[in-house]
Structures are given as structure tokens and as C-alpha cells.
Amino acid sequence: MIIKEIDVKGIMTKSNLPVADFSVNPYVGCAHACKYCYASFMKRFTNYSEPWGDFVDVKNWGILKNPSKYAGKEAFIGSVTDPYQPCEKKYERTRKLLKQLQGSGISISIATRSDLVLRDLDLIKTFPNARVAISINTIDENFKKEMDKGATIKRRLETMKQLYESGIKTTCFISPIFPGITDPEAIIEKAKDRCNLVWLENLNLRGDYRARIMDWIHNNHPELDELYYEIYSKKNRDYWNNLNEKLQKYAENNNMKYVRDDDTQMSEFGQLPIMVNYFYHEEVKKSAKKNKK
Ligand code: SF4
């Protein structure tokens with residue numbers, strides 16, 4: 001594992017994400033090395049020849065001038081890296097960022113696969129509308145170990161519980177859903193007493209990880225070859241449409257609200273988590289943008 005410190009001019013990057021005004025990544029690269037990492041395209045912007053997951057640049061930035069200018073804005077921490085990956089324990093860049101932003105009036109949203117986020121719970125709690133999403137796409141620890149180097153599923157579920165019980169708006173981010181492998185209902189059953197939102201996102205296969213995932217499926221689940229061929233080569237959406245219907249029924253049977261690609265307001269949160277379907281989210285956003293023009 002290569003870890004280097006790099007100097008950067010600033011840390012707050014204006015975002016065109018629909019969910020945030022700023023996207024903030026205290027590291028470049030990610031030691032969680034998820035086989036399906038959508039952020040692995042970032043490697044292009046580095047000088048590393050090592051595979052994604054084998055290097056991390058630790059950002060050094062200076063003081064944040066006039067942090068109160070961020071009041072009322074929203075920052076998404078961890079759009080292309082995990083802000084609580086193992087080196088955060090030593091380098092504390094995410095912690096530094098939270099300390100710099102504390103009291104500014106900015107809202108924060110954090111996404112992670114690590115229980116290290118609990119270290120900063122007291123700090124996170126001081127932000128208005130603080131939200132933490134914990135990603136879980138299986139309850140099978142062996143499959144998890146094959147796919148990523150984040151915390152165990154057991155620890156992620158415990159982390160969600162502690163966050164939720166501390167009053168943090170907590171999301172169970174079921175992503176990516178592997179056709180024929182991920183069982184979203186089984187995950188929701190384990191998570192529904194400890195989160196406010198359940199986000200559901202399908203596995204997208206593009207870039208250099210497409211071949212890696214297809215090979216893994218072929219070598220480990222040859223019985224799924226045909227299904228993956230249908231979905232990812234023939235672009236057949238039956239699997240996702242059927243899963244959508246199944247989840248709709250699950251939500252009805254469990255008295256949960258199920259919405260599609262919605263910007264759900266926190267004020268709507270009740271006792272039970274709201275399930276949000278983000279299947280083909282990017283296409284929906286793109287076509288919405290086109291229609292606006
Ligand atoms: S934790 Fe997120 S950024 Fe890190 S490797 Fe996994 S998907 Fe990529």
C-alpha cells in the first residue's frame with residue numbers, strides 16, 4: 001500500500017451532484033479497494049500505475065477562510081473516496097475538515113463502509129441535519145470479503161445502530177445490488193430498526209471494472225452468466241423491473257414508504273425508514289436535464 005501526503009490549494013470543491021453544493025474528498029484513492037468501485041476512474045488523474053486500492057494520497061490543505069460563508073449549504077464528504085478508510089485513523093484529515101467546518105452552519109452528508117466514523121460522532125452531531133450513509137450490499141461476510149476491504153457487515157450494522165440511536169439521520173445504502181446475489185429484503189430486515197432511509201442502487205458495469213466483475217461472476221457463479229449477459233450486454237431490464245415490483249410489495253407489506261429517485265425531505269421521516277429506488281438513477285437524471293432544456 002502506497003501512502004503519500006500531497007499539498008492542495010483547497011478542499012471544498014463545488015459540486016454538480018444533485019444532493020450537495022460541495023463535494024469534499026480528504027484523500028485521493030481508497031484502500032477499501034471495492035472491485036466495483038465507480039470512483040476508480042480517478043486513477044487517470046494520478047501518476048500511479050498501481051491498481052486502484054493500492055495507493056492513497058493524503059491531502060494537506062490550509063485554513064478554511066471564513067467558514068461561515070458555507071452556512072445553509074450542503075457538503076457531501078466522500079464522493080470519490082471513503083473518508084473513513086484505514087489511513088484516516090492516523091492522518092485524521094476527515095476529522096480536521098469537520099473541525100474546520102464546525103459551527104459554520106453547513107450541513108454534512110457522509111458516506112462510508114467503515115466503523116471509524118463513530119470516532120467522530122460527537123463532532124458530527126454538532127452539524128445541522130448531519131447524515132451518514134453506511135453502504136451494505138450483502139449480509140454474506142464471504143461475499144463482502146471478496147468485494148471490498150471495508151468493515152465487516154456485522155460492524156456496519158452495529159455502526160448504523162449507534163449513529164441512529166445518537167440521533168444522526170442514518171441511511172442504509174444498498175449499493176451496488178448484484179443481480180442474483182444481493183438480497184435487498186434480507187438487508188432491510190436487518191437494518192430497518194436502525195436507519196431513516198434505505199437507498200437502493202443497481203450494479204452499473206462500465207469502465208475497467210466491467211471485465212473484472214464479469215470474470216468474477218463467471219468464475220464464482222457460472223449459473224449467473226446468462227443473467228449478467230442479458231442485463232449488461234443485451235440491456236434487458238426485466239430483472240430490475242421485477243425487483244422493483246418485489247420491493248414495492250415488500251414496502252406495502254411492511255408499512256414502509258417506497259419512492260422512486262426522490263429527494264425525500266427529512267421532515268417526512270417517521271418511525272419506519274423510507275425506501276428510495278435509484279435504479280438507473282443516472283439515466284433518469286440525464287433525461288430530466290434534457291427535458292428541462
Ligand atoms: S469505499 Fe467507495 S471509494 Fe472506496 S473503493 Fe469502495 S466504492 Fe470506491
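Each value in this text was obtained by applying a stated rule to the coordinates, not by laboratory testing. Being a predicted model, the structure only gives us computed values, none of them experimental. Positions of Cβ are generated from backbone atoms using ideal geometry, with glycine treated the same way; all protein chains shown enter the neighbour counts.
Results, tabulated for the structure shown:
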{"read-out": "Over 29 Å between alpha carbons, listed pairs 69/190; 43/145; 125/145; 9/169", "value": "69/190; 125/145; 9/169"}
{"read-out": "Cysteines in the chain lacking a second Cys C-beta under 4.7 Å", "value": "30, 87"}
{"read-out": "Over 21 Å [Cα-Cα, region 151-249], rounded percent", "value": "43 percent"}
{"read-out": "Only Lys, Arg (+1) and Asp, Glu (-1) charged, at Cβ; the chain dipole about Cα centre in debye", "value": "1220 debye"}
{"read-out": "R0 of 41 Å, Cβ-Cβ distance residue 166-residue 254: FRET efficiency to nearest 0.05", "value": "0.95"}
{"read-out": "Mean Cα-pair separation over length for the chain, i.e. relative contact order, pairs under 8 Å, 6 or more apart, %", "value": "14 percent"}
{"read-out": "Reference-scaled alpha-carbon Rg (2.2 N^0.38 Å with N residues) for the chain", "value": "1.00"}
{"read-out": "Fraction of antiparallel bridges per DSSP, the chain only, in percent to nearest 5", "value": "10 percent"}
{"read-out": "Modelled FRET efficiency - R0 51 Å, residue 49 with residue 71, Cβ distances, 0.05 increments", "value": "0.75"}
{"read-out": "Fraction of antiparallel bridges per DSSP, region 1-91 only, in percent to nearest 5", "value": "30 percent"}
{"read-out": "Gain in span if fully extended, residue 119 to residue 142, counting 0.36 nm per residue against the direct Cα distance", "value": "5.6 nm"}
{"read-out": "Computed E for residue 99/residue 7 - FRET, C-beta separation, R0 30 angstrom, nearest 0.05", "value": "0.95"}
{"read-out": "In order through region 213-226: 3J(HN,Hα) via Karplus (6.51 cos²θ - 1.76 cosθ + 1.60), integer Hz, x for Gly, Pro", "value": "6, 4, 5, 4, 4, 4, 6, 10, 9, x, 5, 9, 3, 5"}
{"read-out": "Protection proxy ranking of 93-101, 141-149 - average other beta-carbon atoms within 10 Å, highest first", "value": "93-101, 141-149"}
{"read-out": "Top of 168, 187, 217 by mean-square fluctuation, Gaussian network on the chain, Cα under 10 Å", "value": "217"}
{"read-out": "Ordering of 83-91, 3-11, 123-131 by burial proxy (mean other Cβ atoms within 10 Å per residue, highest first)", "value": "83-91, 123-131, 3-11"}
{"read-out": "Assigned charges on the beta-carbon of Lys, Arg, Asp, Glu; region 144-196 dipole about Cα centre (debye)", "value": "240 debye"}
{"read-out": "Those residues of region 96-122 whose amide nitrogen sits under 14 Å from the label point placed on residue 89, 7 Å along Cα→Cβ", "value": "114-119"}
{"read-out": "Tail fraction, Cα-Cα pairs, region 1-91, threshold 15 Å, whole percent", "value": "62 percent"}
{"read-out": "Distance from region 14-42 to region 187-218 (C-alpha centre basis), Å", "value": "16 Å"}
{"read-out": "Amide H contacts of residue 110 (H built 1.01 Å from N, under 5 Å, at least 5 apart or other chain)", "value": "77, 131, 132, 133"}
